[in-house]
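In what follows, a single structure is set out as structure tokens and then discussed.
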Amino acid sequence: MAVSDKMKIFAEKSSWIRKMFEEGAKMKAAHGAGSVFDFSLGNPDAPPPPEFNRVIQQIVRDTSPGVHAYMPNGGYPWVREAIAARMSIEQEMTIGQGDMVMTCGAAGGLNIVMKALLDPGDEVLILAPYFVEYGFYIDNHGGVSRTVATDDEFNLDLPAIEAALSDKTKAIIINSPNNPCGQIYSQESLAALGKLLEHASEKLGTTIYMISDEPYRKIVFDGYEVPSIFTAYTNSIVVSSYSKDLSLPGERIGYLAVHPEIEDKPQLLNALTLANRILGFVNAPALMQRVVAELQDVCVDTSIYARRKEIICSVLRDAGFTFTEPKGAFYVFPKTPLADDVKFVALLQEEKILTVPGIGFGSPGHMRIAFCVPEDVIARSAEGFKRAVDKAHSL
Ligand SMILES: Cc1ncc(COP(=O)(O)O)c(C=O)c1O
């Protein structure tokens, strides 16, 4: 067998979303796509904004020499400048183009951060429920992930984080708005986390980095805002992309910014840029860099997701689920009426409703519902959710 033992194990570990995807494909073939309620995939379905279509058509006409050539591995300086100007407002401090690296999506960004920071055996804290891929990204670069729980409403649990810190801890990844639970961490809790990391770094004689993965920053509901990370902690790195806020996940365009006063900044930026090159990304796609530079104040119509959030929350409330209402992103993470989330997800499947068990996100007893599906699909799923809850109660 050509495949490494490690990849065989990884394939098994990553099987929840894949399994639901395969089940969904089978069900759609058997019953028709219209009668399956597929909440399993976080594929943003709001269309890219009209400004994107206008700008890409203009830019693609440019035939100047070099527009498709290699470039600095960190990306076009003027594109970084445009993003840095917008981020300076969000992060409430001046960020320069030299603080940034253009990346192949947030996933590419997280991988280059791990490559730049980790020595074998270094630990990275991830907070449950977490984005499933973090564990793989950390392992890709020799690190070890350590899971820390959040509280009942998925807020930061600072004593639990403190207890998990050691001289092996190199970084903590936070994700807000969160996939899979839609939580946004408050400014106060981020400031408290910053203080905690500062004291711990001092006490342990190390530097612990805060990595904020925030591709959903602009997808927020009910007037919530995502606070600045840089004002909370100096040794921080923000990683983001246009996959969700411009609905361009297939185009693989993202970026990262380091805090303007981060420790050993020149060395860190050199390492990040080199990692972009030697991991084989080389640089973020040229055409997309030129396009997104023009779209800094543009976002998908978030009211689409806000309406869906309202509908799914009312469906879940009516069926008797306990859940924390999402403040952003397009996921909700209710408790399952059975402690065995896999078993409850199977009951939903009998109703042709596809969700992903919480165990896949490090939080059993829950399930993830991705509500980036049409409103009528959400509304029509209501009876199925109720029947599955009734069945669970009668077991
Ligand atoms: C929390 C989180 N981080 C990172 C990513 C990866 O995003 P990208 O497509 O920009 O690589 C995703 C994608 O779903 C995500 O949900």
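Provide the net charge surrounding residue 284, with neighbours chosen by a C-beta distance below 11 Å and charges set as Lys +1, Arg +1, Asp -1, Glu -1.
Residues near residue 284 contribute +2 overall.
Would you work out what percent of the accessible area of the stretch 123-240, with all protein chains in place, is carbon or sulfur (probe 1.4 Å)?
Taking all protein chains in place, the stretch 123-240 shows 46 percent carbon and sulfur surface.
Using alpha-carbon pairs under 8 Å, 6+ residues apart, how would you state the relative contact order of the stretch 236-290 in percent?
Computed over the stretch 236-290, the figure is 33 percent.
What lysines could a cross-link reach from residue 391, if we take a straight Cα to Cα line under 27 Å and drop same-chain neighbours fewer than 8 places away?
List returned: 19, 26, 28, 309, 335, 343, 352.
Project the alpha carbons of the chain onto their principal axes and report the range along each, largest first, in whole Å.
So the three principal-axis extents are 62, 56, 53 Å.
Given Cα pairs under 8 Å that are at least 6 residues apart, what percent is the relative contact order of the stretch 1-108?
15
Where does each of 355, 63, 324 land when they are ordered by accessible area, with a 1.4 Å probe and the largest first?
From most accessible down to least: 63, 324, 355.
Trypsin sites (Lys or Arg not before Pro) within the stretch 167-259: which are DSSP loop residues with at most 15 other Cβ atoms inside 10 Å?
Passing sites in the stretch 167-259 are 168.
Straight-line reach from residue 386: which aspartates and glutamates have Cα under 20 Å away, leaving out those fewer than 8 places along the same chain?
38, 310, 318, 325, 340, 341, 350, 351, 375, 376
Rounding to the nearest 20 debye, state how big the charge dipole of the stretch 262-395 is about its Cα centre with +1 on each Lys and Arg Cβ and -1 on each Asp and Glu Cβ.
Once rounded to the nearest 20, the dipole reads 160 debye.
For the stretch 57-141, state which GluC sites (Glu not before Pro) are in a DSSP loop and have at most 13 other beta carbons lying within 10 Å of their beta carbon.
Sites meeting the loop and neighbour criteria: 92.
Please state the relative contact order of the stretch 302-361 as a whole percent: Cα pairs under 8 Å, 6+ residues apart?
Over the stretch 302-361, the number comes to 20 percent.
Determine ³J(HN,Hα), in whole Hz, for all residues of the stretch 148-165 in sequence, where each value follows from phi through the Karplus function 6.51 cos²θ - 1.76 cosθ + 1.60 and θ = phi - 60°; x replaces Gly and Pro.
10, 6, 9, 7, 4, 9, 6, 7, 4, 9, 5, x, 5, 5, 4, 5, 8, 6
Non-local amide H neighbours of residue 255 (under 5 Å, H modeled in plane, Pro and chain starts lacking H): which ones?
103, 240, 241
Just flag the chymotrypsin sites (Phe, Trp or Tyr not before Pro) in the stretch 14-95 sitting in loop per DSSP whose Cβ has no more than 12 other Cβ atoms within 10 Å.
The qualifying sites are 70.
Show me the helices of the chain, taken as full DSSP H stretches, that run 24 Å or more along their long axis by Cα and average -0.5 or above in Kyte-Doolittle hydropathy.
Helix filter hits for the chain: 187-204, 302-319.
The values are calculated or read from the model by the stated rules, or taken from the named source; none is laboratory data. Here the structure is a predicted model, which is why all the values come from computation and not from measurement. FYI the Cβ positions are ideal-geometry reconstructions off the backbone, even for glycines, and counts take in every protein chain you see. Remember, those area values only see protein heavy atoms, side chains included, never the ligands or the DNA or RNA. Shrake-Rupley method; radii C 1.70, N 1.55, O 1.52, S 1.80 Å.
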